[in-house]
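In what follows, a structure is listed as structure tokens, so that the remarks can point back to it.
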Amino acid sequence: MKELSLNILDIAKNSVKAGASLITITIDEADSWRVLTIADNGCGMSPEFLAAVTDPFTTTRTTRPVGMGLPLLKLAAEQTGGSLSITSSQDAADHGTTVTASFRMDHLDCVPVGDYAGTMVTLIQGSPNIDFSFRYRTASGEITLETAQMREILGDVPLDTPEVLTWVYESLCSPVE
């Protein structure tokens, strides 16, 4: 994929399919490294599936026999001297999956973050009842979005209304402070 925001969209949609009620997306940039972490409280993966999940021919898709999201994210990270790690649990008390990818930002092959604001709008619009927590932190500051907090403030106003989605996009596009 040409930008991390597309990887975020792909992984978060998988979290939705896994029954997650909370998806946390964090991008941290410091000391020439960009670390992307996506964590959910979905059903988790079996140890066997987890061991093979970065193989393109391992997928839960029924429409085609390949899944390229995680293999491409792994490749993108490793091309910069970074790495990909995935942890997952199906334990009843502590289930979910965490994907962490690190990238050397000063490497020629480091992909840009891309349109993370558009990605968050797409996720909220497509799954307005799921809680999303988003944080993008750089040396200049950070920008955050918490849909649980938005629900508290907005009351009965659905998060997928055009006015709310426009506000989300504009808020995330503001400079990081």
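Rule-based calculations on the coordinates, nothing more; no lab input. Keep in mind the model is a prediction, meaning the values are calculated, not measured. Virtual Cβ from ideal backbone geometry, glycine too; neighbours counted across all protein chains shown.
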By how many nm would the segment from GLU146 to LYS17 lengthen if fully extended, with 0.36 nm per residue of separation less the alpha-carbon distance?
-> 44.4 nm
Run the quick spin-label model on ALA92 and ASP31: label points 7 Å from Cα toward the beta carbon, then report their separation in nm to one decimal.
-> 4.2 nm
Among beta bridges assigned by DSSP with both residues in region 4-173, the antiparallel ones amount in percent, to the nearest 5, to 80 percent
Please report the base-10 log of the normalised intensity I(q)/I(0) for the chain, using a Debye sum with one equal scatterer per alpha carbon and no solvent, at each q in 0.10, 0.11, 0.14, 0.18 (1/Å).
-> -0.39, -0.48, -0.78, -1.23
Region 122-171: spread of alpha-carbon positions along the three principal axes, whole Å, largest first, is 36, 18, 17
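With r defined as the distance between the Cβ atoms of GLU163 and ALA139 and R0 fixed at 35 Å, what FRET efficiency is calculated, to the nearest 0.05?
Working: r = 33 Å, r/R0 = 0.94.
Taking R0 as 35 Å, the efficiency between GLU163 and ALA139 is 0.60.
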Spatially proximal lysines relative to LYS74 (Cα-Cα < 16 Å; intrachain offsets below 8 disregarded) | LYS2
